[in-house]
1. Take the conditions in a loop (DSSP other than H, G, I, E, B), within 16 Å of the ligand (Cβ to nearest atom) and modelled with pLDDT under 95 and apply them to Val291. Does it pass?
2. Six or more apart or on different chains, Cβ atoms under 7 Å: show the pairs whose first residue is in the range 258-287 and within 9 Å of Phe307 (Cβ to Cβ) and whose second is open to solvent by 50 Å² or more (accessible area, probe 1.4 Å) and part of a helix (DSSP H, G or I).
3. For the range 153-194, what are the residues that are of a type in the set (Val, Ile, Thr), away from the ligand (no atom under 13 Å from the Cβ) and open to solvent by less than 10 Å² (accessible area, probe 1.4 Å)?
4. Only residues that are over 10 Å from Pro217 (Cβ atoms) and either open to solvent by 10 Å² or more (accessible area, probe 1.4 Å) or polar (S, T, N, Q) (or both): list them for the range 248-264, please.
5. Tell me which residues, restricted to the range 131-152, are outside any helix (DSSP H, G or I) and more than 16 Å from the ligand (Cβ to nearest atom).
6. Test Arg185 against the criterion of being of a type in the set (Lys, Arg), touching a residue at least 60 places away in the same chain (Cβ under 8 Å) and not in a loop (DSSP other than H, G, I, E, B), and give yes or no.
7. Can you give me the number of residues within the range 84-113 that are open to solvent by less than 10 Å² (accessible area, probe 1.4 Å) and free of Cβ contacts under 8 Å to residues at least 40 places away in the same chain?
8. Scan the range 74-96 for residues that are part of a strand (DSSP E or B) and more than 15 Å from the ligand (Cβ to nearest atom) and report the count.
Amino acid sequence: MNKTNLFGMTLEELEAELAPLPKFRAKQIAAQIYKHGVKKFDDMSELPKALRAELSEHYEVRVADLLGRLDSADGLTSKFLLGLADGAAVEVVLMLHDYGTSVCISSQVGCQMGCKFCASTLKGLQRNLTAAEMLGEIFFANEILGKAVDSVVVMGTGEPLMNYDELIKMLRLLHEDYCLGMSYRKVTISTCGIVPAIKKLRDEKIPVTLSISLHAPDDNLRSALMPINSAFGLKSLLQAGDDYAQATGRRVTYEYILLGGVNDTEEHARRLAKILSGQLANVNLIPFNPVSERSFKPPTNATVKKFFHFLNTHGIGATIRKEMGADVNAACGQLRAKHNQGVFQK
Ligand code: SAH
(Lines give C-alpha, C1' and ligand atoms only; values in the text may rest on other atoms or scores of the structure.)
Protein backbone atom coordinates (compact mmCIF):
# COMPACT_ATOMS: atom_id res chain seq x y z
CA MET A 1 0.00 0.00 0.00
CA ASN A 2 1.23 3.49 -0.85
CA LYS A 3 1.82 5.55 2.24
CA THR A 4 0.47 9.10 2.39
CA ASN A 5 3.22 11.68 2.51
CA LEU A 6 2.75 14.20 5.32
CA PHE A 7 5.56 16.48 4.14
CA GLY A 8 4.18 19.66 2.59
CA MET A 9 0.86 19.59 4.42
CA THR A 10 -0.25 22.71 6.25
CA LEU A 11 -1.19 22.41 9.92
CA GLU A 12 -4.87 22.44 8.97
CA GLU A 13 -4.30 19.68 6.44
CA LEU A 14 -2.40 17.64 9.01
CA GLU A 15 -5.21 18.07 11.53
CA ALA A 16 -7.77 16.90 8.98
CA GLU A 17 -5.60 14.03 7.75
CA LEU A 18 -4.80 12.78 11.25
CA ALA A 19 -8.30 13.17 12.74
CA PRO A 20 -9.57 11.85 15.10
CA LEU A 21 -6.16 12.43 16.67
CA PRO A 22 -6.35 15.54 18.87
CA LYS A 23 -5.17 18.73 17.21
CA PHE A 24 -2.19 19.11 19.51
CA ARG A 25 -0.76 15.92 18.03
CA ALA A 26 -0.91 17.43 14.54
CA LYS A 27 0.90 20.45 15.95
CA GLN A 28 3.60 18.27 17.48
CA ILE A 29 4.03 16.38 14.24
CA ALA A 30 4.21 19.62 12.22
CA ALA A 31 6.93 20.89 14.54
CA GLN A 32 8.86 17.65 14.24
CA ILE A 33 8.68 17.67 10.45
CA TYR A 34 9.25 21.36 9.77
CA LYS A 35 11.09 22.79 12.77
CA HIS A 36 13.29 19.83 13.51
CA GLY A 37 13.53 18.17 10.10
CA VAL A 38 12.57 14.77 11.49
CA LYS A 39 11.56 12.25 8.83
CA LYS A 40 11.09 9.05 10.83
CA PHE A 41 8.10 8.72 13.13
CA ASP A 42 10.27 6.59 15.39
CA ASP A 43 12.45 9.62 16.03
CA MET A 44 9.48 11.74 17.13
CA SER A 45 10.19 11.01 20.75
CA GLU A 46 7.41 13.13 22.20
CA LEU A 47 4.81 10.89 20.58
CA PRO A 48 3.66 7.72 22.36
CA LYS A 49 5.32 4.58 20.99
CA ALA A 50 2.08 3.01 19.82
CA LEU A 51 1.18 6.13 17.89
CA ARG A 52 4.60 6.23 16.23
CA ALA A 53 4.13 2.67 15.07
CA GLU A 54 0.67 3.36 13.77
CA LEU A 55 1.78 6.47 11.90
CA SER A 56 4.66 4.57 10.30
CA GLU A 57 2.19 2.05 8.97
CA HIS A 58 0.10 4.57 7.05
CA TYR A 59 2.28 7.61 6.55
CA GLU A 60 5.71 8.75 5.55
CA VAL A 61 7.69 12.01 5.54
CA ARG A 62 9.34 12.07 2.14
CA VAL A 63 11.30 15.09 0.99
CA ALA A 64 13.31 14.14 -2.12
CA ASP A 65 15.97 11.66 -3.20
CA LEU A 66 19.42 12.82 -4.16
CA LEU A 67 20.29 11.63 -7.69
CA GLY A 68 23.52 13.51 -8.10
CA ARG A 69 25.63 16.38 -6.91
CA LEU A 70 28.21 18.76 -8.35
CA ASP A 71 30.33 21.16 -6.32
CA SER A 72 32.14 24.18 -7.70
CA ALA A 73 35.90 24.28 -7.27
CA ASP A 74 35.65 27.26 -4.91
CA GLY A 75 33.21 25.31 -2.72
CA LEU A 76 30.66 28.12 -2.80
CA THR A 77 28.10 26.58 -5.14
CA SER A 78 26.61 23.12 -5.05
CA LYS A 79 24.13 21.82 -7.50
CA PHE A 80 21.85 18.92 -6.71
CA LEU A 81 19.67 16.80 -8.89
CA LEU A 82 16.66 15.60 -6.89
CA GLY A 83 14.46 12.68 -7.80
CA LEU A 84 10.70 12.98 -7.19
CA ALA A 85 8.18 10.26 -6.42
CA ASP A 86 7.17 9.79 -10.08
CA GLY A 87 10.74 9.59 -11.33
CA ALA A 88 10.96 13.21 -12.52
CA ALA A 89 14.14 15.10 -11.65
CA VAL A 90 14.68 18.74 -10.67
CA GLU A 91 17.69 20.94 -10.06
CA VAL A 92 18.42 22.80 -6.85
CA VAL A 93 21.38 25.10 -6.38
CA LEU A 94 22.79 26.03 -2.97
CA MET A 95 24.97 29.14 -2.89
CA LEU A 96 27.15 30.51 -0.12
CA HIS A 97 27.48 34.27 -0.56
CA ASP A 98 29.45 36.57 1.70
CA TYR A 99 26.09 38.04 2.79
CA GLY A 100 24.43 34.69 3.54
CA THR A 101 23.19 31.46 2.07
CA SER A 102 20.59 31.07 -0.62
CA VAL A 103 18.89 28.26 -2.45
CA CYS A 104 17.65 28.47 -6.02
CA ILE A 105 14.68 26.16 -6.56
CA SER A 106 12.78 24.90 -9.58
CA SER A 107 9.02 25.42 -9.90
CA GLN A 108 8.23 23.05 -12.76
CA VAL A 109 9.65 19.95 -14.41
CA GLY A 110 10.69 21.47 -17.74
CA CYS A 111 9.14 24.69 -19.01
CA GLN A 112 6.71 25.69 -21.73
CA MET A 113 7.74 29.32 -22.15
CA GLY A 114 10.11 28.72 -25.06
CA CYS A 115 12.73 31.43 -24.37
CA LYS A 116 15.29 31.14 -27.15
CA PHE A 117 18.41 31.26 -24.96
CA CYS A 118 17.30 28.85 -22.23
CA ALA A 119 18.04 25.15 -21.83
CA SER A 120 15.16 24.45 -19.43
CA THR A 121 12.51 24.82 -22.09
CA LEU A 122 14.07 22.67 -24.81
CA LYS A 123 11.87 19.66 -24.11
CA GLY A 124 8.78 21.59 -23.07
CA LEU A 125 6.84 21.24 -19.85
CA GLN A 126 6.59 17.85 -18.17
CA ARG A 127 4.52 18.93 -15.18
CA ASN A 128 4.08 21.43 -12.39
CA LEU A 129 5.77 20.81 -9.06
CA THR A 130 3.54 20.57 -6.01
CA ALA A 131 3.93 22.93 -3.05
CA ALA A 132 5.35 19.96 -1.12
CA GLU A 133 7.97 19.28 -3.79
CA MET A 134 9.07 22.93 -3.91
CA LEU A 135 9.24 23.07 -0.12
CA GLY A 136 11.18 19.81 -0.29
CA GLU A 137 13.84 21.48 -2.41
CA ILE A 138 14.35 24.07 0.33
CA PHE A 139 14.39 21.46 3.09
CA PHE A 140 16.87 19.44 1.13
CA ALA A 141 19.20 22.45 0.99
CA ASN A 142 18.74 23.04 4.72
CA GLU A 143 19.69 19.47 5.43
CA ILE A 144 22.90 19.81 3.43
CA LEU A 145 23.67 23.12 5.10
CA GLY A 146 22.85 21.90 8.60
CA LYS A 147 20.66 24.96 9.18
CA ALA A 148 17.96 26.96 7.42
CA VAL A 149 19.04 28.91 4.35
CA ASP A 150 18.82 32.69 4.65
CA SER A 151 17.00 33.27 1.38
CA VAL A 152 15.12 31.47 -1.36
CA VAL A 153 15.06 32.35 -5.04
CA VAL A 154 12.51 30.72 -7.32
CA MET A 155 14.71 31.03 -10.36
CA GLY A 156 15.45 27.44 -11.31
CA THR A 157 13.71 25.46 -14.02
CA GLY A 158 10.15 26.49 -14.84
CA GLU A 159 7.94 29.55 -14.78
CA PRO A 160 6.71 29.96 -11.19
CA LEU A 161 3.74 32.12 -12.13
CA MET A 162 2.45 29.38 -14.45
CA ASN A 163 2.26 27.21 -11.31
CA TYR A 164 0.60 29.93 -9.28
CA ASP A 165 -1.57 28.14 -6.72
CA GLU A 166 1.06 25.64 -5.61
CA LEU A 167 3.66 28.41 -5.48
CA ILE A 168 1.49 30.56 -3.21
CA LYS A 169 0.67 27.59 -1.02
CA MET A 170 4.37 26.82 -0.64
CA LEU A 171 5.24 30.45 0.17
CA ARG A 172 2.54 30.72 2.82
CA LEU A 173 3.65 27.45 4.40
CA LEU A 174 7.30 28.52 4.35
CA HIS A 175 6.27 31.69 6.19
CA GLU A 176 4.27 29.92 8.93
CA ASP A 177 5.79 29.94 12.42
CA TYR A 178 5.41 26.19 12.70
CA CYS A 179 7.39 25.84 9.47
CA LEU A 180 10.53 27.92 8.77
CA GLY A 181 8.90 31.26 9.59
CA MET A 182 10.72 32.73 6.62
CA SER A 183 10.12 36.40 5.95
CA TYR A 184 8.60 37.08 2.54
CA ARG A 185 11.34 39.62 2.00
CA LYS A 186 13.81 36.78 1.88
CA VAL A 187 12.06 35.20 -1.08
CA THR A 188 12.51 36.21 -4.71
CA ILE A 189 10.19 35.10 -7.50
CA SER A 190 11.59 35.34 -11.00
CA THR A 191 9.13 35.51 -13.88
CA CYS A 192 9.32 35.89 -17.65
CA GLY A 193 6.34 38.23 -17.36
CA ILE A 194 2.93 36.61 -16.86
CA VAL A 195 1.17 39.95 -16.42
CA PRO A 196 -2.20 38.79 -14.97
CA ALA A 197 -0.35 36.65 -12.41
CA ILE A 198 1.89 39.57 -11.41
CA LYS A 199 -1.27 41.58 -10.73
CA LYS A 200 -2.72 38.74 -8.69
CA LEU A 201 0.51 38.36 -6.72
CA ARG A 202 0.45 42.08 -5.93
CA ASP A 203 -2.87 41.56 -4.12
CA GLU A 204 -1.85 38.46 -2.11
CA LYS A 205 -0.30 40.52 0.69
CA ILE A 206 2.84 38.43 0.54
CA PRO A 207 5.51 41.01 -0.26
CA VAL A 208 8.09 38.78 -1.92
CA THR A 209 10.76 40.33 -4.10
CA LEU A 210 9.75 40.26 -7.73
CA SER A 211 12.32 39.72 -10.41
CA ILE A 212 11.23 40.20 -14.02
CA SER A 213 13.24 38.65 -16.83
CA LEU A 214 13.27 41.48 -19.34
CA HIS A 215 16.23 40.76 -21.63
CA ALA A 216 15.27 43.31 -24.30
CA PRO A 217 14.25 47.00 -24.30
CA ASP A 218 11.69 46.85 -27.12
CA ASP A 219 8.81 44.62 -28.16
CA ASN A 220 10.32 43.40 -31.43
CA LEU A 221 13.50 42.05 -29.93
CA ARG A 222 11.77 40.79 -26.79
CA SER A 223 9.17 38.86 -28.77
CA ALA A 224 11.95 37.30 -30.84
CA LEU A 225 13.76 36.14 -27.69
CA MET A 226 10.78 35.41 -25.47
CA PRO A 227 7.53 34.20 -27.08
CA ILE A 228 5.54 35.23 -23.97
CA ASN A 229 6.06 38.84 -25.02
CA SER A 230 3.58 38.34 -27.87
CA ALA A 231 0.90 37.66 -25.26
CA PHE A 232 1.87 40.41 -22.78
CA GLY A 233 3.86 43.22 -24.33
CA LEU A 234 6.45 45.44 -22.67
CA LYS A 235 4.09 48.27 -21.84
CA SER A 236 1.72 46.13 -19.79
CA LEU A 237 4.64 44.26 -18.20
CA LEU A 238 6.40 47.43 -17.06
CA GLN A 239 3.11 48.79 -15.75
CA ALA A 240 2.52 45.58 -13.77
CA GLY A 241 6.08 45.78 -12.41
CA ASP A 242 5.61 49.38 -11.36
CA ASP A 243 2.26 48.61 -9.72
CA TYR A 244 3.87 45.75 -7.84
CA ALA A 245 6.65 48.00 -6.56
CA GLN A 246 4.19 50.70 -5.52
CA ALA A 247 1.85 48.27 -3.76
CA THR A 248 4.54 46.35 -1.88
CA GLY A 249 7.18 49.06 -1.47
CA ARG A 250 9.63 46.47 -2.78
CA ARG A 251 12.03 47.41 -5.54
CA VAL A 252 11.54 45.23 -8.63
CA THR A 253 14.61 43.69 -10.19
CA TYR A 254 14.75 43.50 -13.98
CA GLU A 255 16.97 40.69 -15.15
CA TYR A 256 18.78 41.40 -18.40
CA ILE A 257 20.81 38.65 -20.02
CA LEU A 258 23.53 40.13 -22.18
CA LEU A 259 23.64 38.16 -25.42
CA GLY A 260 26.74 39.02 -27.44
CA GLY A 261 25.84 41.17 -30.45
CA VAL A 262 22.08 40.76 -29.89
CA ASN A 263 20.96 43.09 -27.08
CA ASP A 264 24.19 44.48 -25.68
CA THR A 265 24.93 47.70 -27.59
CA GLU A 266 24.91 51.20 -26.16
CA GLU A 267 21.66 51.85 -28.01
CA HIS A 268 20.05 48.93 -26.15
CA ALA A 269 21.35 50.32 -22.86
CA ARG A 270 19.91 53.73 -23.73
CA ARG A 271 16.49 52.32 -24.52
CA LEU A 272 16.55 50.19 -21.38
CA ALA A 273 17.37 53.21 -19.22
CA LYS A 274 14.55 55.09 -20.91
CA ILE A 275 11.81 52.51 -20.35
CA LEU A 276 12.81 52.02 -16.70
CA SER A 277 13.27 55.67 -15.81
CA GLY A 278 11.19 56.72 -12.82
CA GLN A 279 10.49 53.12 -11.73
CA LEU A 280 11.30 51.73 -8.28
CA ALA A 281 13.55 49.22 -9.97
CA ASN A 282 17.06 48.03 -10.56
CA VAL A 283 18.69 45.97 -13.26
CA ASN A 284 20.65 42.79 -12.81
CA LEU A 285 22.87 42.14 -15.81
CA ILE A 286 23.52 38.47 -16.52
CA PRO A 287 26.25 37.62 -18.99
CA PHE A 288 24.80 34.83 -21.15
CA ASN A 289 25.82 31.42 -19.92
CA PRO A 290 26.53 29.38 -23.06
CA VAL A 291 24.22 26.42 -23.61
CA SER A 292 25.38 23.90 -26.17
CA GLU A 293 21.96 23.66 -27.85
CA ARG A 294 21.68 27.42 -28.23
CA SER A 295 23.73 29.46 -30.68
CA PHE A 296 23.95 32.74 -28.72
CA LYS A 297 27.32 34.00 -27.57
CA PRO A 298 28.34 35.59 -24.30
CA PRO A 299 29.13 39.31 -24.40
CA THR A 300 32.73 40.48 -24.08
CA ASN A 301 33.83 41.66 -20.65
CA ALA A 302 34.30 45.16 -22.01
CA THR A 303 30.71 45.21 -23.32
CA VAL A 304 29.35 44.11 -19.95
CA LYS A 305 31.27 46.86 -18.19
CA LYS A 306 30.14 49.49 -20.71
CA PHE A 307 26.50 48.45 -20.43
CA PHE A 308 26.72 48.48 -16.64
CA HIS A 309 28.40 51.87 -16.61
CA PHE A 310 25.86 53.35 -19.02
CA LEU A 311 22.91 52.33 -16.86
CA ASN A 312 24.48 53.53 -13.63
CA THR A 313 25.36 56.91 -15.09
CA HIS A 314 21.86 57.29 -16.54
CA GLY A 315 19.88 56.90 -13.34
CA ILE A 316 19.32 53.14 -13.32
CA GLY A 317 20.89 51.15 -10.48
CA ALA A 318 22.51 48.12 -12.07
CA THR A 319 24.47 45.16 -10.81
CA ILE A 320 26.31 42.43 -12.67
CA ARG A 321 25.34 38.92 -11.66
CA LYS A 322 28.33 37.34 -10.05
CA GLU A 323 28.82 34.17 -11.96
CA MET A 324 28.56 31.38 -9.48
CA GLY A 325 29.23 27.79 -10.21
CA ALA A 326 29.92 28.18 -13.92
CA ASP A 327 32.24 25.22 -13.46
CA VAL A 328 29.31 23.08 -12.32
CA ASN A 329 27.10 24.11 -15.22
CA ALA A 330 24.90 26.25 -13.02
CA ALA A 331 22.81 27.74 -15.84
CA CYS A 332 19.21 26.67 -15.76
CA GLY A 333 18.33 23.24 -16.98
CA GLN A 334 21.81 22.17 -17.94
CA LEU A 335 22.23 19.60 -15.20
CA ARG A 336 18.85 18.04 -15.85
CA ALA A 337 19.51 17.96 -19.58
CA LYS A 338 22.78 16.14 -18.96
CA HIS A 339 21.04 13.72 -16.62
CA ASN A 340 18.49 12.91 -19.31
CA GLN A 341 21.34 12.24 -21.72
CA GLY A 342 22.80 9.87 -19.14
CA VAL A 343 25.97 11.97 -18.73
CA PHE A 344 25.39 12.95 -15.14
CA GLN A 345 27.00 10.65 -12.60
CA LYS A 346 25.88 9.96 -9.08
N1 SAH B 1 10.88 31.43 -15.74
C2 SAH B 1 11.46 32.33 -14.80
C3 SAH B 1 12.46 31.71 -13.86
C4 SAH B 1 13.44 30.72 -14.43
S5 SAH B 1 14.70 31.33 -15.51
C6 SAH B 1 12.05 33.53 -15.51
O7 SAH B 1 12.00 33.57 -16.74
O8 SAH B 1 12.51 34.45 -14.86
C9 SAH B 1 15.77 32.20 -14.43
C10 SAH B 1 16.62 33.26 -15.12
O11 SAH B 1 17.71 32.67 -15.85
C12 SAH B 1 15.83 34.06 -16.13
O13 SAH B 1 16.17 35.42 -16.03
C14 SAH B 1 16.31 33.45 -17.43
O15 SAH B 1 16.02 34.29 -18.50
C16 SAH B 1 17.76 33.22 -17.15
N17 SAH B 1 18.46 32.32 -18.08
C18 SAH B 1 17.96 31.27 -18.78
N19 SAH B 1 18.92 30.71 -19.55
C20 SAH B 1 20.06 31.39 -19.33
C21 SAH B 1 21.38 31.28 -19.83
N22 SAH B 1 21.74 30.36 -20.70
N23 SAH B 1 22.30 32.19 -19.38
C24 SAH B 1 21.97 33.13 -18.48
N25 SAH B 1 20.74 33.26 -17.96
C26 SAH B 1 19.78 32.41 -18.38
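1. Criteria met by Val291.
2. Glu266/Lys306; Leu285/Phe308
3. Val187
4. Across the range 248-264, the qualifying residues are Thr248, Gly249, Arg250, Arg251, Thr253, Ile257, Gly260, Gly261, Val262, Asp264.
5. Here is the first cut: in the range 131-152, the ones outside any helix (DSSP H, G or I) are 146-152.
The answer is Gly146, Lys147, Ala148, Val149, Asp150.
6. Values: of a type in the set (Lys, Arg): yes; touching a residue at least 60 places away in the same chain (Cβ under 8 Å): yes; not in a loop (DSSP other than H, G, I, E, B): yes.
The answer is yes for Arg185.
7. The number of residues fulfilling the criteria is 1.
8. The total comes to 8.
The values are calculated or read from the model by the stated rules, or taken from the named source; none is laboratory data. These figures come from a predicted structure and were not determined experimentally. Here the Cβ is made from the backbone with ideal geometry for all residues, glycine too, and neighbour counts use every protein chain on show. Surface accessibility is based on the protein's heavy atoms, side chains included, excluding ligands, DNA and RNA. Shrake-Rupley method; radii C 1.70, N 1.55, O 1.52, S 1.80 Å.
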